[in-house]
1. Between residue A:180 and residue A:149, what FRET efficiency comes out of the Förster formula 1/(1 + (r/R0)^6) with R0 = 30 Å and r the beta carbon distance, rounded to 0.05?
2. In terms of modelled amide H atoms, which long-range or inter-chain residues lie less than 5 Å from the amide H of residue B:136?
3. Looking at B:279, A:273, A:63, which one has the Cα that reaches farthest to the positive end of the dipole of the protein assembly as shown (charges on Cβ: Lys, Arg +1; Asp, Glu -1)?
4. For an R0 of 56 angstrom, estimate the FRET efficiency from the Cβ-Cβ distance between residue A:351 and residue B:167 and round to the nearest 0.05.
5. Beyond 49 Å, what share of the Cα-Cα pairs of the protein assembly as shown remains, rounded to the nearest whole percent?
6. For the stretch B:72-86, what does the Karplus curve 6.51 cos²θ - 1.76 cosθ + 1.60, with θ = phi - 60°, yield as ³J(HN,Hα) per residue in whole Hz, taken in order and with x for Gly and Pro?
7. What are the ³J(HN,Hα) values, in whole Hz, obtained from phi via the Karplus relation 6.51 cos²θ - 1.76 cosθ + 1.60 with θ = phi - 60°, for each residue of the stretch B:287-304 in sequence order, with x given for Gly and Pro?
8. Taking the Cα centroid of the stretch A:173-232 and of the stretch A:91-152, what is the distance between the two, rounded to the nearest whole Å?
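Every number in this text was worked out from the coordinates using simple rules, so none of it is lab data. Owing to the predicted nature of the structure, the values given are computational and were not obtained by experimental measurement. Ideal geometry is used to build each Cβ from the backbone, glycine not excepted, and the neighbour counts take in all protein chains shown.
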Amino acid sequence: MRLSLTEADEEFRATAREWLLANAPKDRAPPDGQASRDYALAWLARCHRDGWSGISWPTEYGGRGLSQERLLIWYEEYVRARAPSVLDCTFVALNHAGPTVFACGTEEQKAFHLPRILGGKVIWCQGFSEPGAGSDLAALSTSAVVDGDHLVVNGQKIWSSFADVADYQELLVRTLPGSKRHQGLSWVICDMKSKGITVRPIENMAGVTHFAEVFYDNVRIPLSNVVGGLHEGWKTAMTTFGFERKTAAIGLQLELSVKIEDLIALAEPLPGSATAVRLGELRAEVAGLRSMTYRALLREPANASDGSLVRLSFGELAQRVYRAAMDILGPDALLNGSWTHDYLESYSETIAGGTAEIQRNIIAERILGMPRIK
Amino acid sequence: MTCDLNLNEDQRQILGAASVMLEASYPVARRRQRRPDDLAELAAFGAFGLALPQDGGEAGYSVVEEALLHVLLGRHVVSTGALAASLAARLAANTGRSDLADGIVAGTTGVCAAIAAKDSALLVERGEASFALLFDGRELALLDMDGIDARPVESLGHGIPLQRIASGEAREIARSADDELADTADLLISAQLLGVAEAARDLTVAYANMRQQFGQPIGGFQAIKHHCANMAVGAEMASAQLDMAAIALRDRRADASFQVAALRHLAEKAAIFNTRTAVQVHGGIGFSAEADVHHYLKQAHLLSRLGAGAGLLAMPAPLAPHEALIRGE
Ligand SMILES: Cc1cc2nc3c(=O)[nH]c(=O)nc-3n(C[C@H](O)[C@H](O)[C@H](O)COP(=O)(O)OP(=O)(O)OC[C@H]3O[C@@H](n4cnc5c(N)ncnc54)[C@H](O)[C@@H]3O)c2cc1C
């Protein structure tokens, strides 16, 4: 067990730090809409131009092909420099759609999509959830019927983050008519400009419009856009979840290390006061989360579902940190400042990507081996 | 890779051997007799001098392996005498008493843990120990128990053999306010707390999968599953933090004291939460003194009285924010 960085690693850190300090935009990112898209893509393109996108992505598709420790270093410097939140509209493409295409896609799919993602040319969204299929994703009913060399999609998705500004969607549909549950699904790349797609943005409780409903009316998608095999979509979706729960949130998890320091600086608690104790304990937990993040990247997982432990810890801890911020702010908490905004947004951390209850089910059943009884 | 959080072959071997020894000599059921632990087998295993230089040479192992060993001791609810011996040997060696250190490591000189309390110190599982290691906040003191008359006192639910000094004054032969030793103490205490937390989780999951009510294992009920998932999350966070803190301390990194203090908080929280939840999930048998659950709970409370994590806001955290960075830190 060691965590010793080489001189070359330290050099990498220094270079990353310098570059981020010089280049990270100082203006605040627009919260939503076309402006948020332009801002995020411009920032990603700038990163890419100077070799700072796709740190751990394979080189043949435009990444840097660097090690996990370099990835950690990059994110640490990224959050310390207060570079734009990693949870912007490039998130889906960079953190789970892209990695899924890389893991399960064809050569053509990889060659076409991955460089566009890294270059900051396109936005992706995720179309898994439906009105009747949230936690119970396998209940999804949006259908895609094979018609020649195309699929014809009809149905509805919901809570699709960034769908209003996206070019592509990772779309999970039922391709085998009459199939049940996990069988007969396919994971397809849907061009959001296709005829028959209607996007209705939905405002969230923080007052921003990130997610949307998407309606499909005879949308034609080439069969060559299926990723991981026709009717094999559940397996591909599990790969997506693997990334979503394991590595996607590294940047967010580490960002909490900076947020807690900011909160301590804001609160200036008297030594020994209740606030000091509370912030000290939160600081310890944030350190624990960082250690879990390190473990997730630098240790063979004991269990494929280990990501759920980190995911659940992060979501609930982020909420505790922002609850503390609300108490510390006092009446100012009622104004829509950044802490209040983060507080409201943090409610999603135990819902999106599998609710806290679902993560607990996964931990109990797949890590602890407890019985699955309905 | 320059960074690697997997156990290496050496570590796997020594931990495997320790597990076998502990299963054979320290099954938790022995705790039902409520007698002070005999630590001879542990001494024979070399547990108390694991990270000490041997015969003037290099130490065989580091504080990382020692911490991982102490997780196993926690799992087996081993007497705090093992902690006391490991730390007292260091204190004796640091203060030039190498004969005493050798005797402690060999197990021929017994040391028990003592806790600074109102009136006089509490001695934990004293047995035949001729020395006591006093945990006095961030300081450690080695006490010579020669000529000391100590009387048994009733401990929490009669769970742990405790004594209080009745007459005579223990002679303090060494004291340390050294940060590295205090951090080592907190690391090992935390490791044991983590072991208790993990054991409570495993014991509870096994019980929940076996115990039938309403025609099914209670582990199938979601309320029970979620209790167990919460235990798993707390233990996992403390366990990841243990690796981080132990490595930081071994490598004398600048953030070592902070990492240990964070660990101390997480491990204590996990141990108390997991043992409390273990009682609940076991139902009536969990509340009885005939099952082993209460031993873990009491050990968690005992361990949490030892040492004292450094103040959590007193030290800079590893990911310093931006301003500090710009100031050229
Ligand atoms: C900010 C945000 C962004 C999102 N982005 C996307 C996206 O980009 N693409 C996408 O496809 N989806 C997205 N989602 C949807 C998200 O995946 C779902 O909201 C989530 O899976 C829960 O489904 P649901 O909302 O239908 O809630 P429900 O499944 O109806 O759950 C309601 C409550 O019941 C509980 N519950 C349900 N089943 C169980 C069970 N078996 N045991 C115990 N409790 C249970 C839940 O934990 C929850 O508390 C997003 C959600 C949010 C909040």
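1. After rounding to 0.05, the efficiency reads 0.70.
2. Amide H neighbours of residue B:136, under 5 Å, 5+ apart: B:141.
3. Toward the positive end, the furthest listed residue is B:279.
4. Step by step, r from the Cβ atoms, then E = 0.30.
5. Roughly 22 percent, once rounded to a whole number.
6. Per-residue couplings from phi come out as 5, 4, x, 4, 9, 6, 6, 3, 5, x, 5, 4, 4, 5, 4 Hz.
7. So the Karplus estimates, Gly and Pro as x, are 7, 7, 7, 8, 8, 8, 3, 5, 4, 5, 4, 5, 4, 4, 5, 4, 4, 6 Hz.
8. For the stretch A:173-232 versus the stretch A:91-152, the Cα centre distance is 8 Å.
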